[in-house]
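To keep things clear, I will list the structure first and then write my remarks on it.
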Amino acid sequence: MANPYSNRPDSSFWKRAVAGVALEHFDPVLDVPFTLLPSDKIATAGSCFAQHIARTLVSEGFSYLVTEPGASEHNYGVFPARFGNIYSTLQLLQLFQRAYGLYQPQDHIWRLGDGYIDPFRPLVETYCSEEALLEDRAVHLSAVRKMFEECDVFIFTLGLTETWMAVADEAVVPLAPGVSNTSSGCEYKFSNRTVPDMIGDMEQFVAALSVVNPNARIILTVSPVPLIATFEPRHVLVSTVYSKSALRVVAEHIKNSADNVTYFPSYEIINGNHIGNKYFENDLREVRPEGVKHVMSLFKKYYLSSNEKETRSRPDTEEKVHLGTVENSVIFREMIEAQKIICDEENIDAQN
Amino acid sequence: MPRISILGNCHVRSLAACISVLVPKSAVDFRTLGEFEKSTQEENKYYFDNLANADVIFIQHPFPLNVLKQEFDVFDHRVHRFPMVTYTAFHPDSTYLIRRGKFIQGATGPYHSALVLAGFLEGVQSDRLIKLFNRFTFSSLGYVDQHQVATDILRRDFHEIGYDYEPVSSSGIFMHTMDHPKIVAMNEVAKQALTKSGIVAQKNAKIPVDPLDRDWKWPVYADLPFGQNYIFHVGIGMNSSHQVPIERRELLLSEFIRISYDIYKDVNFENEFPGIVMREMNFMRNNLK
């Protein structure tokens, strides 16, 4: 038998594709199953890293779908609708189910001092009354429906396997009540989602989305951001590796099982061995703007068809990725933007 | 001055109104199947005797002609058919409820929402049910894809008696309810019916006031193709001489559900309801958490 690897492309070989490639030329994408037009409406959801993607899509001139517009100081525009970070697959599925009246969690209003907050997006707003919260939630869920129905592409960044859910009905919240200093009359439990759990969640979500929007395409990514803390009785790095590995398996499985789903390797671009920790801030957790830029430059390279790219080229988008050039005005602006990223998880560490 | 008689269901009022405008010098009278059923044999005989004076008789298709065949055979050469315009795709959850041979009257007369009845039978709270009026529910239940099938059926029915359906379908949302066509649709039917009978219609005639406009009207739900809103219209009271409601009011979906639930509380369904309701109940069992 001849060496079956002898005709494989350079990208199949570590030395040629990873170890021997300059950082700025590292490209693990190879090909994508479809391209986007400037007019294609893109929606994003997911963990903190998804916010980076959202911001870059806007600044790069993609048609970023916002169905719940409002003032940025009230956290509008971070995502298409004001749902905040969606860390887990079950949280995404339940967002869809709540939006379409299929699911009504029992514990749906929390207290924060004299105010009221929405447990499913606790950092988005503090309301003065239950009525105000419910009224805004109706508007919000309407915007969520509009997003699901109108998007051409839905980018979901899988973030965490560790979740907190209500004991009564397994309603998933992004933060346990105690973390956000809120009070709830109900009990919550920790759940570390397994691969079969998450595959089930995602299969349900993909099927449900196709019911309301048969033409929607889905791009899955895995957040490269490590866990800020683990509730498992083990080292946080061990939990991080489990979490990211499991999410990556889920993404691969869903990509292979659904025609309209693909995977974009932003995790690999940021976390690959080629880069060391250069795409992370000093906390080894927060992704640096250069890393985001690298991810998004490849996203743009592959997902915009060549004709469209010509019509969209802007001087700043032609810049190569350079490390350590924070004095560069574009990157500096992006860093300012990055500081605005809202991360519910930060609350976990803030109290410790 | 042609004398024209029309027999059929509630469409006849609209057809008569259109023909009166399209042929201004005609004398048009109409009679509904319901009137036949309510009338005595003597009264019906009197009607048929008078029908002998008609130059043209339009009867609806399909119509229980076999019941009246003997009577119509006499006027055979003067009889022309016109199509019944029913179309469910604009109002896909609309259904009749019949208990022991009688229509159950709901929030909008005889028209009920299968989704609302299913919600009631499944014990879904009304404030939750209203949230199910959305694209996911409608798509899951096949409401979104009904236009092609409904169009094919109506086109076939029209074609069967030599009518062209296309002018009707091109008039936008041409139904008030699943079986109450708007006057714009009946005007197209009237023009074609007159052509078949050899009567020349006046060109550029105005479309008359719609006799069914003051009756019950259902919205095309906002989350359906051609969607409008979720506001129903209800006729209140009945003008005995013209058989049209005296007043009309709007019903929001929340009110429609509340009134429907109130009515259903007092109905003993005994598991007798249309198949469409069973399907909606299954949807709720399978999807509501």
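Of all DSSP beta bridges confined to the protein assembly as shown, the antiparallel ones make up roughly 50%.
The value of relative contact order for the range A:60-107, using C-alpha pairs under 8 Å at least six residues apart, is 21 percent. For the pair residue A:236 and residue A:195, label points projected 7 Å from Cα toward Cβ lie 2.6 nm apart. Note: relative contact order over chain B, using C-alpha pairs below 8 Å and six or more positions apart, is 22 percent. Amide H contacts under 5 Å for residue A:36: A:304, A:305, restricted to partners 5 or more places along the chain or on a different chain, H placed in the peptide plane at 1.01 Å from N. Spin-label pair residue A:134-residue A:71: with each label point 7 Å from Cα along the Cα-Cβ axis, the two points sit 2.6 nm from one another.
The dipole here belongs to the protein assembly as shown: it is taken about the Cα centre, uses +1 on the Cβ of Lys and Arg and -1 on the Cβ of Asp and Glu, and is about 1180 debye. Ordering B:267, B:79, B:40 by the projection of their Cα atoms onto the charge dipole of the protein assembly as shown, which places +1 on the Cβ of Lys and Arg and -1 on the Cβ of Asp and Glu, puts B:79 at the extreme positive end. In a simple Cβ point-charge model (Lys, Arg +1; Asp, Glu -1; nothing else charged), chain A has a dipole of about 980 debye relative to its Cα centre.
Only aspartates and glutamates eight or more places from residue A:301 in sequence, or on another chain, were considered; those with a Cα closer than 15 Å are A:24, A:27, A:31, A:60, A:310, A:316, A:318, A:319. With N counted as the residues of chain B, its alpha-carbon radius of gyration over 2.2 N^0.38 Å works out to 1.08.
Across chain A, the relative contact order, built from alpha-carbon pairs under 8 Å that are at least six residues apart, equals 20 percent. The HN-Hα couplings worked out from phi for the range A:234-248 by the Karplus form 6.51 cos²θ - 1.76 cosθ + 1.60 (θ = phi - 60°) are 7, 5, 4, 5, 5, 5, 4, 5, 4, 4, 5, 5, 5, 5, 5 Hz, whole numbers, x standing for Gly and Pro. Is the protein assembly as shown rounded, prolate or oblate when judged by the Cα gyration tensor, a ≥ b ≥ c being the square roots of its eigenvalues, rounded requiring a/c under 1.5 and prolate requiring a/b larger than b/c? Prolate, since a/c reaches 1.5 and a/b exceeds b/c. Amide hydrogen proximity for residue A:157: with H placed 1.01 Å from N in the peptide plane, the residues at 5 or more positions away or on another chain lying under 5 Å are A:45, A:46, A:47, A:221.
Farthest towards the positive end of the charge dipole of the range A:28-350, among the residues A:89, A:303, A:56, is the Cα of A:303, using unit charges on the Cβ of Lys, Arg, Asp and Glu.
Find me the longest stretch of chain B that has none of the exposed GluC sites (Glu not before Pro), where exposed means in a DSSP loop (not H, G, I, E or B) with at most 14 other Cβ atoms within 10 Å. Free of exposed loop sites, the longest segment is B:1-269.
Under a Gaussian network description of chain A, with springs only between Cα atoms under 10 Å, the residue in A:166, A:258, A:132 that fluctuates furthest is A:132. Using +1 at the Cβ of each Lys and Arg and -1 at the Cβ of each Asp and Glu in the protein assembly as shown, identify which of A:179, B:277, B:207 lies farthest towards the dipole's positive end. Of the options given, the answer is B:207.
Estimated purely from DSSP H runs of n ≥ 4, each contributing -39500 (n - 2.57), the mean residue ellipticity at 222 nm for chain B is -11500 deg cm²/dmol once divided by its residues. Secondary-structure-derived ellipticity at 222 nm for chain A, considering helices only, amounts to -11500 deg cm²/dmol, per-run term -39500 (n - 2.57) for DSSP H runs with n ≥ 4. Qualifying trypsin sites (Lys or Arg not before Pro) in the range A:213-271, where qualification requires a DSSP coil assignment and no more than 12 other C-beta atoms within 10 Å, comprise A:234.
Cross-link pairs exceeding 30 Å in C-alpha to C-alpha distance, out of A:293/B:131; B:25/B:102; A:15/A:293; B:38/B:206, comprise A:293/B:131; B:25/B:102; B:38/B:206. Provide, for q = 0.08, 0.09, 0.11 Å⁻¹, the log10 of I(q)/I(0) from a solvent-free Debye sum over equal Cα point scatterers in the range A:28-350. Relative scattering, expressed as log10 I(q)/I(0), comes to -0.34, -0.44, -0.67.
Loop-resident chymotrypsin sites (Phe, Trp or Tyr not before Pro) (DSSP state other than H, G, I, E or B) in the range A:1-102 with no more than 14 further Cβ atoms inside 10 Å of their Cβ: A:5, A:13, A:34.
No value in this document is a laboratory result; all are computed from the given coordinates. Just so we're clear, the structure is a prediction, and the values are computed from it rather than from any experiment. Every residue, glycine as well, gets a Cβ built from its backbone with ideal geometry; the counts of neighbours run over all protein chains shown.
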